[in-house]
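The values are calculated or read from the model by the stated rules, or taken from the named source; none is laboratory data. Small disclaimer: the values here were computed from a predicted structure and weren't measured. Please note: Cβ atoms are built from the backbone with ideal geometry, for glycine as well, and neighbour counts cover all protein chains shown.
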Amino acid sequence: MNVKTFSITCVIAALVSIPATGHHSHAMFDDQQTVIMEGTVVALEWTNPHSWLQVNVENESGEMVEWSLEMGAPTNLARNGWRPRMLVEGDPVTVTIHPLRDGNPGGELLAVIFPDGSQMGDDEYIN
């Protein structure tokens, strides 16, 4: 393969791969609203591309509602001190989130207070 063909191939490969670096928008979260809730852990799902914390929270009617809270990728979480079994089913937690704009029970996890009182997440949102 000559240098010109190789160069053109590299440029095309680079242009085609740019969309692979994309990421979804956080527009589904209301970042103008911060909500603090107490609940019980249903599961910590340590998955790619995002991990999820499932939490049961009591609503105004006294019914338990499961909230799905989006977290970062496991590798990023691990770099920040998270571990896959830090929270287990039944653990009481206090979470700080940006809720979903559509009103469904979910949001972006900003911070969590663990059963032992320790805290992880964005210091801005932890009391």
| note | Selection from region 86-112 of residues touching a residue at least 60 places away in the same chain (Cβ under 8 Å) and crowded, with 17+ Cβ neighbours inside 10 Å yields 96, 97, 98, 99, 100, 107, 108, 110
| Restricting the search to region 72-107, which residues are in a loop (DSSP other than H, G, I, E, B) and among the hydrophobic types (A, V, I, L, M, F, W, C)? | 73, 82, 86, 87, 88
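Go through region 30-39 and give me each residue that's outside any loop (DSSP other than H, G, I, E, B) and crowded, with 17+ Cβ neighbours inside 10 Å.
37, 39
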| Residues satisfying the stated conditions in region 58-67, i.e. within 16 Å of residue 35 (Cβ to Cβ) and surrounded by fewer than 17 Cβ atoms within 10 Å (Cβ to Cβ) | 58, 59, 60, 65, 66
| query | Just one of 110, 53, 69 is touching a helix residue (DSSP H, G or I) at 6+ places or on another chain (Cβ under 9 Å) and assigned to a strand (DSSP E or B); which is it? | reply | 110
| query | Quick one: what pairs do we get from region 45-67, first residue among the β-branched types (Val, Ile, Thr) and modelled with pLDDT of 95 or more, second surrounded by fewer than 17 Cβ atoms within 10 Å (Cβ to Cβ) and in a loop (DSSP other than H, G, I, E, B), C-beta under 8 Å, 6+ apart or different chains? | reply | 57/105; 65/59; 65/105
